[in-house]
Structure formats: structure tokens, C-alpha cells
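Worksheet for the structure shown next.
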Amino acid sequence: MTDFLTAHRIWAPWRMDFIRAPKEKGCFLCRIARADRSKDGENLVICRGRHCILLLNRYPYNGGHLMVAPRRHIGTLSMLTPVEMREMMELTCLGERLLTRVAQPQGFNIGINQGAAAGAGLKDHLHMHLVPRWEGDTNFMPVLGHVRVMPQALEEMHAALRKELARGRGSRARGR
């Protein structure tokens, strides 16, 4: 009998660009935070605060997975200033409101993986995850094949969230 994982293949040839590309040196969140606003689309930035940024995760757990990170390169919650802490939570709430309108999730996972032992892929630059969830969204793919199926392109989700932000419907304060 043929093993399921060897008998069935899911083709994702676009992933080869990522696999073959040289790995970025340094911190990608610092690079994005320092980048000119004209690069926000390319970097999947939804909103820039004075001290933090809200962006789509390029390697999401689920469609619409957002991250909020301080612009400063710090590794722990205790290193945040009160102003950074407040803005981080404000941008997390903004992301929640935007996703609620755009993607209509039934719930959210919101959290921080602080340090490599806690599962942080980027252990030296603190960031919060905001993951939209729907009942039944975990299916056989991650269980059997360590594969995630994303039903919407990142660029499409980015455009929808930016459009909602521009309407002023995701934010209580117009200036965000």
C-alpha cells in the first residue's frame, strides 16, 4: 500500500523563489520599520504608528495573520516603554477591527512567542501575533503534511485591509 504523503503531491512551484533566495541578514522587522512608506505594499505594512508597525505575516498560520512590532529592536515585553506598549495594543485592536470587517473571522488567537524556547521564529525583535480563526479552519493538511492551505493571496488581503483602513472604518481615530 502506498503511503498517503508519497502518493499525493501538492504543487507550489512559486515557493522555489523563497527556498533558493539568499536568506536576509539582520532583522527583517527593523528593515521594514526603517523602510520608506513607498515600500509598504511590498513589505505588507498595513499601518505605521509613531512607535510600532502593523503588518501582514509573510509566512502566516492562517489567512490574514497580522503582526504588531515596535520599531525599536527589543526582545522582551519588559523593554517596552509605556508609550510603545500602549501603541502596540492600539495597533493590535486596529488589526482586530480591520480583520473583523474584511475577513469576518469567528475568533482570534492573539499572543507573543518570546524567545526561541517559546517558539519565536524571530527571537530578538518582539512582536505580537493576531491570527484570525474560523470554526473548522484547522484541517487535515497541517496534521498530516505540515502544510497550510491559504485561500487568499497576501497581496489581495493587504489591499483589502488597506482599503478598509482608508475608509476610516477600522480605526476610531482618523489619523491612524
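Once the Cβ-Cβ distance of K39 and M79 is raised to the sixth power relative to R0 = 35 Å, the FRET efficiency obtained is 0.85.
Protein heavy-atom surface of the range 82-128, 1.4 angstrom probe: 51% of the accessible area is carbon and sulfur, with nucleic acids and ligands not counted. Cross-link partners for K25 among the aspartates and glutamates, with Cα-Cα distance under 16 Å and sequence neighbours closer than 8 places in the same chain left out: D124.
Modelled spin labels at E24 and R86, positioned 7 Å past Cα toward Cβ, are 3.0 nm from each other.
Pop the C-beta distance of A166 and A116 into the FRET formula with R0 = 35 Å and round what comes out to the nearest 0.05.
On the way: r = 38 Å, r/R0 = 1.07.
It comes out at approximately 0.40.
Checking the a/c ratio against 1.5 first, then a/b against b/c, what shape does the Cα gyration tensor give for the range 57-121? Verdict is oblate for the range 57-121.
The values are calculated or read from the model by the stated rules, or taken from the named source; none is laboratory data. Given the structure is predicted, the values throughout are model-derived calculations rather than measurements. Don't worry about glycine lacking a Cβ; one is built from the backbone with ideal geometry, like all the others, and counts go over all protein chains shown. Remember, those area values only see protein heavy atoms, side chains included, never the ligands or the DNA or RNA. Shrake-Rupley method; radii C 1.70, N 1.55, O 1.52, S 1.80 Å.
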